[in-house]
Amino acid sequence: MSKEPVLKAENLNVYYGSIHAIKGVSFEVYEGEIVTLIGANGAGKSTTLNTVSGILRSRTGSVTFLGENLRRVPCHKIVARGLALVPEGRRIFLQMTVEENLEMGAFTQSPAGIAQDLEQVYALFPRLRERRKQIGGTLSGGEQQMLAMGRALMSHPKLLMLDEPSMGLAPILVEQIFQIIRNLHGAGSTILLVEQNAQAALSIANRGYVLETGKVVTTGAGQELLASPEIKKAYLGG
Amino acid sequence: MKKSPFHFLTYVLVIGAYAALQVLQARGGLSSSLRGMLVPICAYVVMAVSLNLTVGVLGELSLGHAGFMSVGAFLGTSTAIALQDAVPVPAVRLTIALIVAALFAAIAGFLIGIPVLRLNGDYLAIVTLAFGEIIKAIFNNLYLGVDGKGVHISLLEDTTRTAETGRLIIQGPMGIGGIQKISTFTAGFILIMISLIVIFNLVNSRAGRAIMAIRDNHIAAQSVGVNIIKYKMMAFVTSAALAGSAGALFAMNYSTVVANKFDFNTSILILVFVVLGGLGNMLGSIIAAAVLTILPEALRPIAEYRMLLYAVLLIVMMLTANHPFVRAFFNRFRQTGRLRLEADGDEEREAV
């Protein structure tokens, strides 16, 4: 683990109109880590991710990525810096084929390396190779999630942010998706994972932050949080 | 993106239709009323394909497309009149007028695009509707004269003091009168071809892919690094420029042009062409624009029931176009599942 964090969020304050949604949230992600933000509905997990990726702006506080303050960097340029978001609810391009979706993921990359990157993504998700001529909207939920993740990987992210990858998926698919996250981590990816499924997220995470109504209430190593009685009671069903 | 065989078919059919009509015209096989409609049909076809770029490809509902047509009609025609002595060759004058019309409409598109493209869906539709009405009000009250000292402009009343030697071109609610009819069917055909080349090249390019990505899912487009405002603007301005030149072509087919011609009804009429022809389907827009321009004229003998029959035909077309058998038939000619409405259905099913 290097000394400088890949991503450092400091004292973020985000508002929706007059609603103070994120109240002074700070966290760090170091190279090679899986860090998870967990919490109930409305705790501010997705808002935090959207702020890091530039879709939303914090009123105060800063996001530093690889030593650069992202405050003045427009949203569409943040991807080119190596910060990729897999948005909540899959959000694939429904009318494009699987391959066109993946090519869209390389929008900020030079076209020269796309063929090779496609091969890598297909190696990781063999199912996508089988369906590469198929229209995105005809894929199953799990396949769409894989496609959204594959698309994000096409931009060579130095940090991959996943927003609720397990949302609306059958348990067996959730297991598959988490296995893929583990594999990506094993291959050296740095991952920031937002999840409601605290059990699954904490069991693969190096560290976790627990959010409650816009604030970080607890932080610690994944296994530690998993064993903590309060966390068990609040999020893991006793 | 792979070149769609559909694009090639569109070019072939447009060229074929032009050639056939030219032959018919040479042999005197066209009625005088149909001959008179050739240029307006070309103008409406360009209007329909350009609106299809905004509505079908970009996926934003614009209700003010006639506004851009109006900008092009007035400023293009004014240019042609001002150049009447300087440029004696009609074809050259028409070309310059169409280019000027496209430029001014593009500027109008850019200015209106700055606030509008930050909006989505219904809000965008409402603002474009208002834009169309504002343009109509401006040209209804605009006086523009040209003389030796240059261009004079005034609003509400004619205070331009245009010299006797010059000419007051735009006369408020009376619009422009005494236009030389320099628009030709061939010019219209060339404008359609240019529009198709511009639109198909845009759709096939990297920028076109970005525009369609925004239509499919703007959050996902943002997440892969697409500059949403930039690409929306690109589609919107291109659409406006083409509509502007269509307006100029249209206006110079008549001896007078007034602002009320380009009102909300015209915007809706063009939207009907696009929706009936199929969103994103340029060939459909061309056919719908041509058929629906000829139809009211063809129904003139039964004048009293004309609008009734027109409405019934629209409904019948919608019903048959949605019939599973008809759809299956046409789906064989296109890539499956490309129709926007179908994909929307998928999304809804997914959400349930």
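The values are calculated or read from the model by the stated rules, or taken from the named source; none is laboratory data. Treat the numbers as computed from the prediction; the structure is a model and nothing was measured. Glycine also receives a Cβ, built like all others from the backbone with ideal geometry; neighbour counts cover every protein chain displayed. Accessible surface is based on the protein model in full, side chains and every heavy atom, while ligands, DNA and RNA are left aside. Shrake-Rupley method; radii C 1.70, N 1.55, O 1.52, S 1.80 Å.
Could you sort the peptides A:69-75, A:211-217, B:63-69, B:83-89 by per-residue average Cβ neighbour count (10 Å cutoff), highest mean leading?
By packing density, highest mean first, the sequence is B:63-69, A:211-217, A:69-75, B:83-89.
Can you give the accessible area of A:Lys158, probe radius 1.4 Å, in Å² rounded to 10?
110
Please report the accessible area of A:Met146 (heavy atoms, 1.4 Å probe, ligands and nucleic acids excluded) in Å², nearest 10.
20
Taking the solvent-accessible surface of protein heavy atoms with a 1.4 Å probe, what is the per residue accessible area of chain A in Å²?
Ligands and nucleic acids excluded, the result is 43 Å² per residue.
Return the sequence-ordered ³J(HN,Hα) values of region B:240-252 in whole Hz as given by the Karplus equation 6.51 cos²θ - 1.76 cosθ + 1.60 applied to θ = phi - 60°, using x for Gly and Pro.
My calculation for region B:240-252 gives 5, 4, 5, 5, x, 5, 4, x, 5, 4, 4, 5, 7 Hz in order.
Going highest first, how would you order B:293-300, A:124-131 by mean Cβ packing within 10 Å?
A:124-131, B:293-300
Round to the nearest 10 and give me the degree value, 0 to 90, for the angle of helix B:90-116's Cα axis relative to the longest principal axis of chain B.
Result, in degrees: 60.
Taking only Cα atoms, what is the 0 to 90° angle, nearest 10, from helix B:340-351's long axis to the longest principal axis of chain B?
50
Using only DSSP helix segments of four residues or longer, with each worth -39500 (n - 2.57), what per-residue ellipticity at 222 nm results for the protein assembly as shown after dividing by its residue count and rounding to 500?
For the protein assembly as shown, the value works out to -17500 deg cm²/dmol.
Taking a probe of 1.4 angstrom, what is the accessible area of B:Tyr18 in Å², to the nearest 10?
40
Indicate, rounded to the nearest 5 percent, the antiparallel portion of the DSSP beta bridges found entirely in chain A.
Of those bridges, close to 55 percent are antiparallel.
So how much accessible surface do B and A hide from each other in total, probe 1.4 Å, in square angstrom to the nearest 100?
Approximately 2500 Å² gets buried when B meets A.
Step through the residues of region B:29-41 one at a time and calculate ³J(HN,Hα) from phi using the Karplus curve (6.51 cos²θ - 1.76 cosθ + 1.60, θ = phi - 60°), rounding each to whole Hz and writing x for Gly and Pro.
x, 9, 5, 5, 5, 5, 4, x, 8, 4, 5, x, 4
In peptide B:236-242, what is the residue-averaged number of other protein chain Cβ atoms found within 10 Å of each Cβ?
For this peptide, the per-residue mean of nearby foreign Cβ atoms is 0.
Taking θ = phi - 60°, what integer Hz values does the Karplus form 6.51 cos²θ - 1.76 cosθ + 1.60 yield along region A:45-51, in sequence order, with x for Gly and Pro?
With coefficients 6.51, -1.76 and 1.60, one gets 5, 5, 4, 4, 5, 5, 6 Hz.
From Cα coordinates alone, what are the radius of gyration and Dmax values for the protein assembly as shown in angstrom?
28.8, 94
For B:187-196, what's the mean count of beta carbons from other chains sitting within 10 Å of each residue's beta carbon?
Other-chain Cβ atoms within 10 Å of each residue's Cβ, averaged: 0.
Under 18 Å Cα to Cα from A:Lys23, which lysines show up? Leave out anything in the same chain fewer than 8 places away.
Output for A:Lys23: A:Lys8, A:Lys45, A:Lys215.
Among B:38-50, A:29-41, B:140-152, how do they line up by average Cβ neighbours within 10 Å per residue, starting with the highest?
B:38-50, A:29-41, B:140-152
Take every residue in peptide A:96-107, count the Cβ atoms of other chains within 10 Å of its Cβ, and give the average of those counts.
Average per residue, whole number: 4.
Over the Cα atoms of region B:5-302, each weighted equally, I'd like the Debye log10 I(q)/I(0) at q = 0.07, 0.09, 0.12, 0.13 Å⁻¹, rounded to two decimals.
Rounded to two decimals, the profile gives -0.26, -0.44, -0.77, -0.89.
Would you grab the residues whose amide H sits under 5 Å from the one on A:Met96? Only those 5+ places off in sequence or on another chain, please, with H modelled 1.01 Å from N.
Sorted by chain and number, the residues that satisfy this are A:Gly136, A:Gly137.
With every protein chain present, what is the per residue accessible area of region B:5-302 (1.4 Å probe, Å²)?
About 40 Å² of surface per residue is accessible.
Ignoring ligands, DNA and RNA, please state the percent of accessible area on the protein assembly as shown from carbon and sulfur, probe 1.4 Å.
Result for the protein assembly as shown: 61 percent of the exposed heavy-atom area is carbon or sulfur.
Which of the residues in region B:204-226 show a loss of at least 40 Å² in accessible area from their chain by itself to the complete set of protein chains, at a probe of 1.4 Å?
Listed in order, they are B:Arg206, B:Arg209, B:Asp216, B:Asn217, B:Ile219, B:Ala220, B:Gln222, B:Ser223, B:Val224, B:Gly225.
Kindly sort B:Thr159, B:Thr77 by accessible area of their heavy atoms, largest first, with the probe set to 1.4 Å.
Sorted descending by solvent-accessible area, the residues read B:Thr159, B:Thr77.
Straight-line reach from B:Lys136: which lysines have a Cα under 17 Å away, not including same-chain ones fewer than 8 places off?
The qualifying lysines are B:Lys261.
Compute the acute angle (0 to 90°) between the alpha-carbon long axis of helix A:171-186 and the principal axis of greatest extent of the alpha-carbon atoms of chain A; round to the nearest 10°.
Orientation of helix A:171-186: about 90 degrees from the principal axis.
What length, rounded to one decimal in nm, is gained on full extension from B:Arg206 through to B:Leu30, with 0.36 nm per residue of separation minus their alpha-carbon distance?
That works out to 59.0 nm of additional length.
Computed over the Cα atoms of region A:1-150, what is the convex hull's projected area averaged over all directions, in nm²?
Quarter of the Cα hull surface area: 10.4 nm².
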